[in-house]
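What follows is a short report on a single structure.
FYI, it's all coordinate maths here, none of it is from the lab. What you see is a predicted model, and the numbers here were worked out from it, not measured in a lab. Cβ atoms come from the backbone with ideal geometry, glycine included; neighbour counts cover every protein chain shown.
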Amino acid sequence: METPERRRGDNLYPVTLETQLGDYSLNLDVPAGVWNPTPHGIHLGNMLAGMDFSGEHVLELGTGCGIHAIIIARQGAAKMTLTDLEQPILDNARHNLAKHDVTCPTEYVLADWTRADGGPFDALVTNPPFAKSGKRYRRYFVDTLILDAHKLIRPRGRLIFVHSSMADIPKSIDFMEQNGMSVRIVAKLRVLSAITTLKILYTSRKWRRFPVAIRFRMAHTTSV
Ligand SMILES: C[S@@+](CC[C@H](N)C(=O)[O-])C[C@H]1O[C@@H](n2cnc3c(N)ncnc32)[C@H](O)[C@@H]1O
């Protein structure tokens, strides 16, 4: 049994992880090859545990072991679409959702990042790959998320994600604003003097001139 604080080294070794997110106690089976939730993921989970997803169809990109999907379902989602890159990862998420008695209708979809069908979704949740993304351009997943959000999320829907400060938070906020969004920081967290979490509300400047605005809310985690 392991707690997030005791994790070490590579994030893909097998573990059974006990963690508390808000009022929810989780006991997750994470086999070799599936991402072990880090403090970023734990913090995002804590944020989600305080959010209302009642009646919403929620997309999670890169669900990993399903830690966030369990909370999203508990917080009222009507339907979930969970993506990742490999079938064994999705099978593990399915296992953990069943282990935690999740009954919310859930689709498990192999999809490369924002190339997810089935929208527009009411909310998009993600802990984007960053430090071990395998991309030469380390902001690849953050930037494409911001660029493609409008294809996936309905007007006035929410984009909720956690963000490392190593990826340059001011740059992301500026990029979101350039893409017609306003940003509200949800929460900040420091872990080992290194992690900050922010929450963001996002309103299209362009659409503000019209009666209906596109709104996004984001949870944003930063490590300094
Ligand atoms: C930082 S981990 C987050 C996992 C989980 N949500 C959590 O917080 O513990 C990123 C996840 O995205 C997945 N991933 C990496 N590249 C991807 C891609 N191109 N498309 C979809 N998912 C991807 C990884 O397999 C991993 O599960």
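Could you name the aspartates and glutamates whose alpha carbon sits less than 17 Å from that of LYS132, not counting residues in the same chain fewer than 8 places away?
Once the sequence-local aspartates and glutamates are set aside, what remains near LYS132 is ASP10, ASP84, GLU86, ASP112, ASP143, ASP168.
Run the quick spin-label model on LYS171 and ASP52: label points 7 Å from Cα toward the beta carbon, then report their separation in nm to one decimal.
In this crude spin-label approximation the distance works out to 3.7 nm.
Please compute the modelled spin-label separation between ASP10 and ARG156, points set 7 Å along Cα→Cβ, answer in nm with one decimal.
4.8
Using the Karplus equation 6.51 cos²θ - 1.76 cosθ + 1.60 (θ = phi - 60°), what ³J(HN,Hα) coupling, rounded to whole Hz, does each residue of region 105-113 give in order, writing x for Gly and Pro?
x, 9, 9, 10, 10, 6, 8, 8, 6
Could you run the Karplus curve 6.51 cos²θ - 1.76 cosθ + 1.60 with θ = phi - 60° over region 67-75 and give me ³J(HN,Hα) per residue in whole Hz, x for Gly and Pro?
Whole-Hz 3J(HN,Hα) from phi for region 67-75: 4, 7, 4, 4, 5, 4, 5, 4, 8.
Could you sort out which of LYS99/LYS151; LYS79/LYS151; LYS151/LYS171; LYS79/LYS99; LYS151/LYS188 sit more than 23 Å apart by Cα distance in this structure?
With Cα atoms farther than 23 Å apart: LYS99/LYS151; LYS151/LYS188.
How large is ³J(HN,Hα) for each residue in region 82-93, as worked out from phi by the Karplus curve 6.51 cos²θ - 1.76 cosθ + 1.60 (θ = phi - 60°), to whole Hz, x for Gly and Pro?
10, 10, 6, 8, 9, 4, x, 5, 5, 4, 5, 4
Summing +1 for each Lys or Arg and -1 for each Asp or Glu, what net charge is found among the other residues whose Cβ lies under 12 Å from the Cβ of ALA116?
Numbers: positive: ARG115, LYS151; negative: GLU60, ASP84, GLU107, ASP112, ASP117, ASP148.
After counting each charged neighbour, the total is -4.
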